[in-house]
1. Given the C-alpha atoms of the chain, compute the convex hull and give its volume per residue in Å³.
2. Roughly speaking, to the nearest percent, how much of the chain's 1.4 Å accessible area is carbon and sulfur?
3. Find, among the GluC sites (Glu not before Pro) in the chain, those assigned to loop by DSSP (not H, G, I, E, B) with at most 12 other beta-carbon atoms within 10 angstrom.
4. With +1 on the Cβ of every Lys and Arg and -1 on the Cβ of every Asp and Glu, and nothing else charged, how large is the dipole of the chain about its Cα centre, in debye rounded to the nearest 20?
Amino acid sequence: FEQLEPPSELRELHDQAERQGREALELLREAQDAVDGGDEPGRSLLELGPDLDRVLRQGAETSRELGLDDCVPGAP
């Protein structure tokens, strides 16, 4: 996705989707560390839940705006 060159009218949404994807990936890594009992103390899985839910919802909305309905969970 990062390597795509969107048309200028979609550039802002494309960049937003990239940021949301990176944030979701980081939160998922933190969640994995919490489950695995990683070396560095971090947020618990319960603490990460609301942030992960938020970024996934925002990502789904951005995907809809980009016309990427196949990337939206539960989309027809």
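The values are calculated or read from the model by the stated rules, or taken from the named source; none is laboratory data. As the structure is a computational prediction, the values presented were derived from the model and not from experiment. Here the Cβ positions follow ideal geometry from the backbone for every residue, glycine too, while neighbour counts run over all protein chains shown. Just so you know, the surface numbers come from the protein's heavy atoms only, side chains and all, with ligands and any DNA or RNA stripped out. Shrake-Rupley method; radii C 1.70, N 1.55, O 1.52, S 1.80 Å.
1. Cα-based convex hull of the chain, divided per residue, equals 104 Å³.
2. 51 percent
3. When the GluC sites (Glu not before Pro) of the chain are filtered for loop state and at most 12 Cβ neighbours within 10 Å, 2 remain.
4. Taking the Cα centre of the chain as origin, the dipole is about 200 debye.
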